[in-house]
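Any read-out appearing in this document is the output of simple, stated calculations on the displayed coordinates, not a laboratory observation. Model, not experiment: these values are computed from the prediction. All Cβ positions, glycine included, derive from the backbone under ideal geometry; neighbour counts span all protein chains shown.
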Amino acid sequence: SDESFLERDFYFSFIERLKLMGAAVVEKPGTYGPSATITLQGKKPRKWSLRPQVSLGFVKPDFMLQTADPEIPQIAIFADGRAFHASQENNRVADDADKRAALRSSGYVVWSFGHEDLQRFKANEAGEPAWFDQKAAKLVTSQFHVQPGLIRLLAKDPVTQLLEFMVEPVPQSWKKFG
């Protein structure tokens, strides 16, 4: 299999958390690692598909996450380990940014995380980072009509944010965060 340790760790940690949240998960082995069909309850029960290494022509995200609802864009997930993307030997930052910009302009949502993000997710770390300001959060929710729950997610890791998006995928609300 072509999957990295970070990708494998993400997949198993992500699926484990989904199951803890009450999701029904059906896994299937595959050439590039397992894939999963995930049924999540929420305001509207929704079925998601998580597939590894899907070629989109000019780029192959580590995972694609999608649901049948045409209002919800497909999500290209990238597990960006520093050694393979941002080291002196492998500096792919500019190339990665160009490919992801092209994905966004084609209507995909791009979601990426690194090793440290996944470790925070696995540790289920809570708490506000030093930069988080409650007064500013209140201002943003009132003046820009952003849901308070989304402001709270700013302090969370990207994997937790992705789970929250799956539970309540309202693209218009999430777009406010760029």
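Couple of notes before you dig in:
- Electrostatic tally near Tyr108: other residues with Cβ closer than 11 Å to its Cβ, Lys and Arg +1, Asp and Glu -1, net +3.
- Pairs from the table (Lys47/Lys135; Lys43/Lys135; Lys99/Lys135; Lys47/Lys122) lying more than 28 angstrom apart at Cα are Lys47/Lys135; Lys43/Lys135; Lys99/Lys135.
- Label-point gap, in nm, between Thr141 and Thr37 - each point 7 angstrom along Cα→Cβ: 3.9
- A straight Cα-to-Cα reach below 20 Å connects Lys156 with the aspartates and glutamates Glu7, Asp9, Glu16, Asp80, Glu116, Asp117, Glu125, Glu128, Asp133, Glu164, Glu168, residues fewer than 8 places away in its own chain not being considered.
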